[in-house]
Amino acid sequence: MLAGPDAAQALALDAKALSGLKREAHANPAQALAKAAGQFEAMFLQMVLKQMRETLPRDGPLDSDAMRTYTSMFDQQIALALMVVAGGGVILAAAASNTILQTVVSDDLRGRVAGFYTLAFLGVAPLGNLAAGALAQYAGAPTTFLVNGLACAAAGTWFLRQLPALRAAIRPVYVKLGLVPADE
């Protein structure tokens, strides 16, 4: 993905940046693929921001073509910044989960647990997408975003409250594996 000055200066919607990305694809396909994926993510986030702005009323002194152009450009920059944060968060969560799975699960069960983990991590997402699509068709996209946000906040709160019990349950396993000292 794009990071740093590259991300802030070169969006694929810019013809010059797009031709540069095409040249790079010939020279270094792997790096160009990562940049193209980052560009796609940024464009997707920009579309989400645009849809969110369309739910706001359009009247008053700030409703003008110039203001809409400014907010579109602002959304583009916000999308580029969010791309780095959101992508990094997903990578961090996946790497941490996989590391815990590899260190805690015994060798004879690791394949089964990894299969279940993959099913839970990747296989459930299409079901959530189906449910969100059905809700959006029935109640509208803004309501669906609100319900999904509230569900994420509730799940995060529940997990935060369960964290002490989870720490207490996993600590003996970590001590047994030598990952943490016995006395703390």
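The values are calculated or read from the model by the stated rules, or taken from the named source; none is laboratory data. Predicted, not measured: the structure shown is a model, and the values here were computed from it. Note: ideal-geometry Cβ built from the backbone for every residue, glycine included; neighbour counts use all protein chains shown.
Of all residues in the range 119-159, exactly one satisfies the criterion of being surrounded by fewer than 12 Cβ atoms within 10 Å (Cβ to Cβ), among the β-branched types (Val, Ile, Thr) and in a helix (DSSP H, G or I), namely THR157.
GLY115 falls short on exactly one of the conditions (1) surrounded by 12 or more Cβ atoms within 10 Å (Cβ to Cβ); (2) over 24 Å from GLU41 (Cα atoms), and that condition is (1).
Remark: pairs (first residue in the range 82-110, within 21 Å of GLY178 (Cβ to Cβ); second residue outside any helix (DSSP H, G or I) and not charged (D, E, K, R); Cβ separation under 6 Å; 6+ apart in sequence or on different chains) are absent.
Would the range 13-20 turn up any residue that is more than 22 Å from the chain's Cα centre (by Cα) and part of a loop (DSSP other than H, G, I, E, B)? Yes: the range 13-20 contains one or more residues that are more than 22 Å from the chain's Cα centre (by Cα) and part of a loop (DSSP other than H, G, I, E, B). Selection within the range 48-83: residues that are over 22 Å from GLY149 (Cβ atoms) and of a type in the set (Lys, Arg). The member of this set that is modelled with the lowest pLDDT is ARG58. ALA34 fulfils the conditions (1) modelled with pLDDT under 80; (2) within 30 Å of ALA139 (Cβ to Cβ) except for a single criterion, (2). Residues in the range 25-74 that are over 26 Å from the mean Cα position of the chain (by Cα) and assigned to a helix (DSSP H, G or I): HIS26, ALA27, ASP65, ALA66, MET67, ARG68, THR69.
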